[in-house]
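Below is one structure, written out as structure tokens, with a few remarks after it.
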Amino acid sequence: MSKAILKNEQEIALMRESGRLLAQVFKMLDDFICEGMTTLEIDTKVEDYIRNELNARPASKGQYDYKFSLNSSINDVVCHGVPSDTVKINAKDIINLDITLEKDGFISDSSKMFTFSNTSVEAKRLVKTTYDAMWKGINVVKPGARLGDVGYAIQKHAEQAGYSVVREYCGHGIGREMHEDPQVLHYGRPNTGLVLKAGMTFTIEPMINQGTHKIKNKKDGWTVVTKDKKLSAQWEHTILVTKTGFEVLTLRHEETL
């Protein structure tokens, strides 16, 4: 069984600030991102905003030799889409922007789906169901709950809607390091897995596919796509287990609990 690093009050305060700043990045993007824009333009804007407006660091850049500040995953890309100066946002697209931010030694991690003027009803349904599935998992979080309860809640909601849950990628503990214990699966059985305790911080970030859960890796070594070429969606938040439940450290301005 993996061991999670419990954060003290000072560390939680620093993580709370990192999460607050990351939420501001997404607020900026709400007014910035548009059809016809390249994913590299988005990456450049995000890096500039994090460094120069927020006085923070894009934590993904340089990690594992990754050259960019975010992942931009369009349509059938499940995760780890690489920004490009040739890939432009189309009116029919859905896109996930996955961004990490480090401030004063602590990292926050969050992702959001964007839809556009001609995104189909079917695609919007997948995006909404994935968002709701993430919240089903988040709402389970409290001391004494188990990670299997979180995964089960997400899986049940996704599969009831006719979708599938990606198995190969999962949420993770987070703090001074991007990836800490525990692993947070987005499928599972109730009353199994690590028992949650106050002070744990981790991400919940389900990847939900329109078709089969099977995936494949592209030759660039990063990009992961659905095997059947159908759409995939993902949302992500960084979560703190509190004494009575949970706190979403990356809660965005348009979200309310």
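Write out, first by first residue and then by second, each pair whose Cβ atoms fall under 7 Å of each other, whose residues are 6+ apart or on separate chains, and whose first residue, in the stretch 130-153, is farther than 19 Å from residue 210 by Cα while the second is acidic (Asp, Glu).
Qualifying pairs under 7 Å: 140/149.
Report the residue count in the stretch 1-53 for those that are in a helix (DSSP H, G or I), among the β-branched types (Val, Ile, Thr) and either at pLDDT below 95 or closer than 27 Å to residue 74 by Cβ (or both).
Within the stretch 1-53, residues that are in a helix (DSSP H, G or I), among the β-branched types (Val, Ile, Thr) and either at pLDDT below 95 or closer than 27 Å to residue 74 by Cβ (or both) number 6.
Filter the stretch 52-78 for residues that are on the phi > 0 side of the Ramachandran plot and of a type outside the set (Phe, Trp, Tyr); which is farthest from the chain's Cα centre (by Cα)?
Of everything passing the filter in the stretch 52-78, 55 is farthest from the chain's Cα centre (by Cα).
Hey, among the residues in the stretch 160-187 that are small (Gly, Ala, Ser), more than 19 Å from residue 146 (Cα to Cα) and surrounded by 19 or more Cβ atoms within 10 Å (Cβ to Cβ), which one's farthest from the chain's Cα centre (by Cα)?
Ranking the candidates gives 164 first.
Criterion first (surrounded by fewer than 21 Cβ atoms within 10 Å (Cβ to Cβ), basic (Lys, Arg) and modelled with pLDDT of 95 or more) does residue 243 satisfy it?
Spelling it out, residue 243 is indeed surrounded by fewer than 21 Cβ atoms within 10 Å (Cβ to Cβ), basic (Lys, Arg) and modelled with pLDDT of 95 or more.
Looking only at the stretch 193-216, count every residue that is surrounded by fewer than 16 Cβ atoms within 10 Å (Cβ to Cβ) and either closer than 23 Å to residue 130 by Cβ or free of Cβ contacts under 8 Å to residues at least 12 places away in the same chain (or both) and tell me the total.
Of the residues in the stretch 193-216, 3 are surrounded by fewer than 16 Cβ atoms within 10 Å (Cβ to Cβ) and either closer than 23 Å to residue 130 by Cβ or free of Cβ contacts under 8 Å to residues at least 12 places away in the same chain (or both).
Go through the stretch 1-16 and give me each residue that's touching a residue at least 12 places away in the same chain (Cβ under 8 Å) and surrounded by fewer than 16 Cβ atoms within 10 Å (Cβ to Cβ).
Passing the criteria: 1, 2, 3, 6, 8.
If we scan the stretch 209-222, do we find a residue that is of a type in the set (A, V, I, L, M), touching a Cys at 6+ places or on another chain (Cβ under 8 Å) and over 21 Å from residue 7 (Cα atoms)?
Looking through the stretch 209-222, none of the residues is of a type in the set (A, V, I, L, M), touching a Cys at 6+ places or on another chain (Cβ under 8 Å) and over 21 Å from residue 7 (Cα atoms).
Collect the residues in the stretch 181-205 that are farther than 18 Å from residue 247 by Cα and in contact with a Ser or Thr (Cβ under 8 Å, 6 or more places away or on another chain), keeping them in residue-number order.
181, 183, 194
Of all the residues that make up the stretch 87-129, how many are surrounded by fewer than 17 Cβ atoms within 10 Å (Cβ to Cβ), under 21 Å from residue 211 (Cβ atoms) and charged (D, E, K, R)?
Total meeting the criteria: 5.
The values are calculated or read from the model by the stated rules, or taken from the named source; none is laboratory data. Source: prediction; values computed, not measured. A quick note on method: Cβ atoms are made from the backbone with ideal geometry, for glycine too, and the neighbour counts reach across all protein chains shown.
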